[in-house]
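Asker: Before I ask anything, let me first share the structure, which is written out below as structure tokens.
Readers should treat all values here as calculations from the given coordinates under stated rules, not as data from a laboratory. What you see is a predicted model, and the numbers here were worked out from it, not measured in a lab. Methodologically, a virtual Cβ is constructed for each residue, glycine included, from the backbone with ideal geometry; neighbour enumeration extends over all protein chains shown.
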Amino acid sequence: MKSIVIGVIGADVHAVGNKIIEYTLQNAGYNVVNIGVLSSQEDFINAAIETNAPLIMVSSLYGHGEIDCRGMRDKCIEAGIPHVLLYVGGNIVVGKQDFDEVKKRFYAMGFNRVYGPGTNIDTALSDIKEDLGE
Amino acid sequence: MKSIVIGVIGADVHAVGNKIIEYTLQNAGYNVVNIGVLSSQEDFINAAIETNAPLIMVSSLYGHGEIDCRGMRDKCIEAGIPHVLLYVGGNIVVGKQDFDEVKKRFYAMGFNRVYGPGTNIDTALSDIKEDLGE
Amino acid sequence: MELKNKKLTMEEFLEERKLVLASWPTGSDPLLDFSVSVPFLKSLPEHKNFAIKLQHAKGQGRTLIQPRAGVPVVSEHIKLLKYLEQSGADFVPSTIDSYTRQNRYMEAEKGIKESEILNRALLNGFPVVNHGVDKCRWVMESVNVPIQARHGTPDARLLAEIIHAAGWTSNEGGGISYNIPYAKHVPLETSIRHWQYCDRLVGFYEEQGIRINREPYGPLTGTIVPPCISNTVAICEALLAAEQGVKNITVGYGMGGNMTQDVAAIHTLLEQTDEYLHRFGYHDVVVTTVFHQWMGGFPKDEAQATALISLSSTTAAMSKATKMITKTTHESIGIPTMEANGEGIKASKFVVTLLQDQHYPASAKLELEKDQIKREVNCLMDAIYAVGEGDLAIGVCKAFQQGLIDVPFAPAKVNAGKILPARDNEGAIRILEFGNLAFTPDIKEFHREKIQARADQEHRPISFQLTVDDVYAVSTGHLVGRPQLKG
Amino acid sequence: MELKNKKLTMEEFLEERKLVLASWPTGSDPLLDFSVSVPFLKSLPEHKNFAIKLQHAKGQGRTLIQPRAGVPVVSEHIKLLKYLEQSGADFVPSTIDSYTRQNRYMEAEKGIKESEILNRALLNGFPVVNHGVDKCRWVMESVNVPIQARHGTPDARLLAEIIHAAGWTSNEGGGISYNIPYAKHVPLETSIRHWQYCDRLVGFYEEQGIRINREPYGPLTGTIVPPCISNTVAICEALLAAEQGVKNITVGYGMGGNMTQDVAAIHTLLEQTDEYLHRFGYHDVVVTTVFHQWMGGFPKDEAQATALISLSSTTAAMSKATKMITKTTHESIGIPTMEANGEGIKASKFVVTLLQDQHYPASAKLELEKDQIKREVNCLMDAIYAVGEGDLAIGVCKAFQQGLIDVPFAPAKVNAGKILPARDNEGAIRILEFGNLAFTPDIKEFHREKIQARADQEHRPISFQLTVDDVYAVSTGHLVGRPQLKG
Ligand code: B12
Ligand code: B12
């Protein structure tokens, strides 16, 4: 059973989506490591190292995602997991912005997949399967 | 007491505004000659001649105003009241259109004043006073 | 021929039919032969049948959605209807232009031509008679939901022939409701007689096993109409239709604005229509209801207009009306664009779907409004039958002539135009001037007290000014036209 | 220091105050001297006083409107608030950014700088502490309506000092409601103690004859919260505030979706808050209510979002809540633009104004829901006082610890997180898994029956899947998350 680390980054306390992502991924057969809300980049990375997880799914709902996610790929490299997959989703920037622009910004930060507002977790399941080679 | 002819032109049956215009103009001290809904250009002109009215206020609500009002100034000239004032108001064209454009079209047809959707009759009272020299 | 509420014999009907079909070239289309139209209608799939879809919704307690829409050019009209269907419309309409409504087909022809040349609509609807059966079939075949004609035509005989032969399985209107608010000089005798024909046509199709829905037009002038008046008209038209063999009737009501009164109006409309149909021996008619979103002057601001549309939808859903007719954010300006119309549907459908499992709870207050409406309707119906000496059609004509029933703000000369409505302190519609309305003294007293209480609260005498203020109120964001609102 | 529900002495308060003001440079502003702030607050005109305006609205039975809004840069924030006032807001807010809420002022400083440089907001609100008293005064002076801070800050002591000294006459929050949904590791003892300080500050100003409003945050997680839970929290926070000398309290509730249950929740919230305040000897507190438009996930479509806003407004108006907090058409996407926020206000205000003379009628159904909520709330309050051995503050902490009271979907570790809510067949919020909730067996039985009936109708077993489906339902246009809705 593959492990996936999930959590909500920064000073963000939106817990509902997080609980539903946990439930959905568990139902889909993954070992879900949920570090919950108010989590730092380090929390995510440590959890991934501890559980040998190939994928970290970062949620950011409250709008500070851009500030909170900066430098995360570098930290992964430093921590010795340079190839860990990084997904980000939720309401990751402040306000209604052109989402193609937003995607570019997050790709440039080293994220592998970037999901727009209200992307139901069910729709991301196929991406996960593909990326984890199933 | 000056006379004003009011009515609703063409195949238009919108009667509410017409009744309220009658009431308002009467309260403002005019002799209102109301020919009602479903009135032809001829009905308006005949009423103006009979009552020696210096002003005809045409209502058109239902959208066919443009077709219904064409040639009305010419008919006034033919009928010997070339200088009668012609106002038009209501929802005088089909749909939401640039109202400056619409005004131009009706001025070109010989109307003296053209009112946009929802112009409350109270707001036209000062124009009437001005035009009738009071 | 003398008017009577009596089913037209097949001979009378067919005799008249010849004249009707001869009245405009499109009437001689062979697709109008019953030998063609009957099998064609029978071949239609159930999901295109208005009557069946409504009956189904009634069973489920759901509120279905229908917009208003119609443009002169056929291809544009089809594009429009498809878009509305995609936006979530459960039924699509074809709103007919005003020349056709007055049987002025020559002017309609001019309007079609000019609209094609100038590439913008110069008619305010779809000129169904000029287009004829084949074009109407094309329209019907282009959508996947049932289709209805909506108009305001005192003499809609040819129109009815054309639309039904084209597979449009519902027709809105009636001899009273498409005369009083929509005509000036047409005698009620004439319009009722002509609508007997329209109903008899539907009755004929029913005899062939084809379900067709008929919808008396509920809101009348759409302007502070007391529920008892519009409900009485709806019941009369339901009875007149049933006599001609109509079996699927949707009675309608236009939102008043006081939620309790509105719910009471929809409930009593259904209950009393059923009751009167049974009382007069029509036992196999399926009755459904339609709630019209606010029918009076709309606010200009689009956010406010959407709010009004949503509020209307809330009342419709809580009343459990079977169908709701929607408005758009462009209402106060002009015929809406396709997109504005679609947004009206989306907002409306969102609300009724969200509220589908809820209804306005039974309460003493609701009961009181229901009782009141029922007593008033019974009063008016009694008066109609009395002056008609038992004949409904004659009764209706005489009752209007004598002002025993009277519609506010109506353009028709046959309407007395003596009553004046106004709102009470909670915004319910009451009557301040009764004219000759056939009300008992206690009913009048009820209305007077309600209006007096409002006038007292506003420190002003009862007068037409209350009515005028109420006419403007909703478009300026209020329900009751209180004097302090001005300036 | 040990936590107790006891008014802080003036010495205790002033002692603590020194530390609070020393915690960030803006705390040493001389405008924070009471010798400056008291006369300043006294000089404010009545129309800028939150408490007075609310009390007035309560007397008139009106529902006033307040949006949510806050951007990092002061000049932009002022522009925004002025626009909202012009759009019809009766009160304006200043929503505080998330770093400030966690007292992470360094990060907030970074956010302000970057927002100024990049010329786009990188913070999700107005960092009130970093800006300090003078900037906040400037904001207050730029508008003509009362102003309130809205946040979600477990330790809002410095924030409270700054806003009140700047003439902001209302503060949202409470030791429970700004902890459970907004924090992860903060002990309730700490947040309650810190909010005692905020309340004591208001109590101090009240002693000087200055009216200041306090608003416990009603909706909690905004996600299918059973009314008894949020009402109990609101009542506890009202009592805690009253003990510290607060005299003007607005208790809140977030729309559930079943209109009858929502109206019942607002009515009982007012009635029971009053009742408990009197029972515990606080006789001079003015209580008002605030209804939050739908607080869960919104639909993306803007027409649907406006419909949801309007539906929320209908319920608020019919319930006669004193205030309503609005949402916008951008809700599901991100912080709204000024224009989108203004449209939300216009739509909302249109509905409440139109319905101002109406209320949801008394009915057996409404009575049943009210009785049910009251019994549940009493049950929870009894348990809290019991474990607190008569002390409310201690009782709240222990009750949460033992799961006797429990909030669904909350991030806080001090919350048991064992209960699961789900809707019944009419969309009312019930509880399917009780955890250790302090309910009597008959109350549990009521919930079980309601949920069982829904599960039966949907032909599926009771499980967390019901809850999950209900979480998504409204954003997809439904209230009850029926399984057949999917695909
Ligand atoms: C009520 C109403 C009806 C009622 C009318 C009842 C009756 N017999 O009176 C009913 C339901 C029957 C009806 C029918 C139709 N209607 Co209609 N109706 C309305 C509605 C909702 C309100 C009109 C009203 O009474 N307003 C209140 C009065 C007080 O205001 P008013 O009419 O605007 O008049 C005031 C001012 O405009 C001004 N004014 C008017 N004339 C003049 C003239 C001058 C010189 C001046 C200075 C001022 C002035 O003073 C008046 C008093 O303050 C409007 C939309 C709206 N405004 O919200 C549509 C509207 C006018 N109707 C419309 C249409 C298309 C129709 C129909 C063709 C189709 C249909 N929807 O069924 C039929 C037409 C039938 C026919 N042959 O005319 C369209 C017109 C579209 C356009 N121009 O592009 C409108 C705008 C709705 C829409 N957006 O589609 N309608
Ligand atoms: C409920 C809610 C709250 C509750 C949260 C309760 C709680 N503790 O959980 C409360 C009221 C407390 C709250 C507070 C705040 N909120 Co809030 N909140 C919402 C709301 C209405 C719904 C969120 C929700 O629960 N949705 C339901 C769940 C199931 O969906 P979801 O969260 O979107 O998650 C799903 C998907 O996004 C996806 N997903 C999520 N993460 C990821 C990651 C990956 C990799 C993938 C593939 C998918 C994925 O899968 C999830 C399950 O399907 C949203 C707006 C909306 N969506 O309508 C605003 C919203 C998220 N909140 C917002 C804000 C600003 C705040 C506040 C700062 C201010 C305020 N309004 O008070 C505070 C923040 C406090 C903090 N420090 O974090 C903003 C964010 C703005 C932005 N990004 O520009 C939003 C968008 C509202 C708005 N338009 O302003 N909020």
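Asker: Within the range C:241-283, which residues are part of a loop (DSSP other than H, G, I, E, B) and either under 30 Å from D:VAL351 (Cβ atoms) or in contact with a Cys (Cβ under 7 Å, 6 or more places away or on another chain) (or both)?
Answerer: Step one: list which residues in the range C:241-283 are part of a loop (DSSP other than H, G, I, E, B), which gives C:244-247, C:255-258, C:280-283.
Scanning the range C:241-283 gives C:MET255, C:GLY256, C:GLY257, C:ASN258.
Asker: Also, quick follow-up: Would you point out which residue out of D:VAL263, D:VAL246, D:VAL251, D:VAL285 is crowded, with 24+ Cβ neighbours inside 10 Å and more than 21 Å from D:PRO226 (Cβ to Cβ)?
Answerer: On the way: D:VAL263 fails: more than 21 Å from D:PRO226 (Cβ to Cβ); D:VAL251 fails: more than 21 Å from D:PRO226 (Cβ to Cβ); D:VAL285 fails: crowded, with 24+ Cβ neighbours inside 10 Å.
Matching residue, one of D:VAL263, D:VAL246, D:VAL251, D:VAL285: D:VAL246.
Asker: Which ones in the range D:195-232 are of a type in the set (Val, Ile, Thr), touching a strand residue (DSSP E or B) at 6+ places or on another chain (Cβ under 8 Å) and part of a loop (DSSP other than H, G, I, E, B)? Give the derivation first.
Answerer: Taking the range D:195-232 as the starting set, the residues that turn out to be of a type in the set (Val, Ile, Thr) are D:202, D:210, D:212, D:221, D:223-225, D:229, D:232.
Now restrict to residues that are touching a strand residue (DSSP E or B) at 6+ places or on another chain (Cβ under 8 Å): D:202, D:212, D:224-225.
D:ILE212, D:ILE224, D:VAL225, listed by residue number.
Asker: With among the charged types (D, E, K, R) and closer than 24 Å to C:ALA305 by Cα as the only criterion, which of C:ARG460, C:ARG482, C:ARG454, C:ARG448 stands out? Give the steps one after another, and end with the answer.
Answerer: On the way: C:ARG460 fails: closer than 24 Å to C:ALA305 by Cα; C:ARG454 fails: closer than 24 Å to C:ALA305 by Cα; C:ARG448 fails: closer than 24 Å to C:ALA305 by Cα.
Every option except C:ARG482 fails the conditions.
Asker: Every residue in the range C:439-487 that is more than 14 Å from chain D (Cβ to nearest Cβ) and of a type in the set (Gly, Ala, Ser), please.
Answerer: The answer is C:ALA455, C:SER463, C:GLY487.
Asker: Where the second residue is not charged (D, E, K, R) and the first is more than 8 Å from ligand 2 (Cβ to nearest atom) and lies in the range A:111-124, which pairs have Cβ atoms under 6 Å and are six or more apart or on separate chains?
Answerer: Sorted first by the residue in the range A:111-124, then by its partner, the pairs are A:PHE111/A:LEU86; A:PHE111/A:VAL88; A:ASN112/A:LEU85; A:ASN112/A:LEU86; A:VAL114/A:VAL88; A:VAL114/A:PHE106; A:GLY116/A:PHE99.
Asker: Could you check the range C:183-214 and list, in sequence order, the residues that are among the charged types (D, E, K, R), under 23 Å from C:TYR99 (Cα atoms) and away from ligand 1 (no atom under 13 Å from the Cβ)? Explain how you work it out, then say what you get.
Answerer: Residues of the range C:183-214 among the charged types (D, E, K, R): C:184, C:189, C:193, C:199-200, C:206-207, C:211, C:214.
Add one more test, that the residue is under 23 Å from C:TYR99 (Cα atoms), and what stays is C:184, C:189, C:193, C:199, C:214.
If the condition is that a residue be among the charged types (D, E, K, R), under 23 Å from C:TYR99 (Cα atoms) and away from ligand 1 (no atom under 13 Å from the Cβ), then C:GLU189, C:ARG193, C:ASP199, C:ARG214 are the ones that fit.
Asker: Looking only at the range D:10-34, count how many residues are in contact (Cβ under 8 Å) with a residue 24 or more places away in the chain, charged (D, E, K, R) and assigned to a helix (DSSP H, G or I).
Answerer: Result for the range D:10-34: 2.
Asker: Turning to a different aspect of this structure: Give the residues of the range C:160-170 that are part of a helix (DSSP H, G or I) and touching a Gly at 6+ places or on another chain (Cβ under 9 Å), sorted by residue number.
Answerer: Of the range C:160-170, the ones part of a helix (DSSP H, G or I) are C:160-165.
Selection gives C:ALA160, C:GLU161, C:ILE162.
Asker: Let me ask you something else. Test C:VAL407 against the stated conditions and say whether it is of a type in the set (Val, Ile, Thr), within 14 Å of chain B (Cβ to nearest Cβ) and under 19 Å from C:GLU376 (Cβ atoms).
Answerer: Working: of a type in the set (Val, Ile, Thr): yes; within 14 Å of chain B (Cβ to nearest Cβ): yes; under 19 Å from C:GLU376 (Cβ atoms): yes.
So C:VAL407 passes the test.
Asker: Restricted to the range B:94-134, and to residues that are within 14 Å of chain C (Cβ to nearest Cβ) and within 6 Å of ligand 1 (Cβ to nearest atom), which residue is farthest from the chain's Cα centre (by Cα)?
Answerer: For the range B:94-134, the residue satisfying everything is B:GLY95.
Asker: Any chance you could count how many residues in the range D:285-300 are within 12 Å of ligand 2 (Cβ to nearest atom) and either more than 11 Å from chain A (Cβ to nearest Cβ) or under 18 Å from C:LEU355 (Cα atoms) (or both)? Show your work before the answer.
Answerer: Of all residues in the range D:285-300, those within 12 Å of ligand 2 (Cβ to nearest atom) come to D:292-300.
Restricting the remaining residues to those that are either more than 11 Å from chain A (Cβ to nearest Cβ) or under 18 Å from C:LEU355 (Cα atoms) (or both) gives D:292-299.
Residues meeting the conditions: 8.
Asker: I need every pair where a residue in the range D:351-367 that is at negative phi has its Cβ under 7 Å from the Cβ of a residue that is of a type in the set (Ser, Thr, Tyr) and part of a loop (DSSP other than H, G, I, E, B), sequence separation at least 6 or different chains.
Answerer: From the range D:351-367, the pairs are D:VAL352/D:THR63; D:LEU366/D:TYR360.
Asker: Taking the stated definitions as given, is D:LEU122 surrounded by fewer than 24 Cβ atoms within 10 Å (Cβ to Cβ) and within 16 Å of ligand 2 (Cβ to nearest atom)?
Answerer: On the way: surrounded by fewer than 24 Cβ atoms within 10 Å (Cβ to Cβ): yes; within 16 Å of ligand 2 (Cβ to nearest atom): yes.
Spelling it out, D:LEU122 is indeed surrounded by fewer than 24 Cβ atoms within 10 Å (Cβ to Cβ) and within 16 Å of ligand 2 (Cβ to nearest atom).
Asker: Sticking with this structure for a sec: Please find, among D:GLU389, D:GLU445, D:GLU426, the residue that is in a loop (DSSP other than H, G, I, E, B), surrounded by fewer than 20 Cβ atoms within 10 Å (Cβ to Cβ), acidic (Asp, Glu) and more than 16 Å from ligand 2 (Cβ to nearest atom). Even if it seems obvious, please write down each step before you answer.
Answerer: Numbers: D:GLU445 fails: in a loop (DSSP other than H, G, I, E, B); D:GLU426 fails: surrounded by fewer than 20 Cβ atoms within 10 Å (Cβ to Cβ).
Within the list D:GLU389, D:GLU445, D:GLU426, the selection yields D:GLU389.
Asker: Right, here's the next one. Residue check, D:GLY111 against (1) within 14 Å of chain A (Cβ to nearest Cβ); (2) of a type in the set (Gly, Ala, Ser); (3) touching a residue at least 60 places away in the same chain (Cβ under 8 Å), all met but one. Which one?
Answerer: It fails just one condition, (3).
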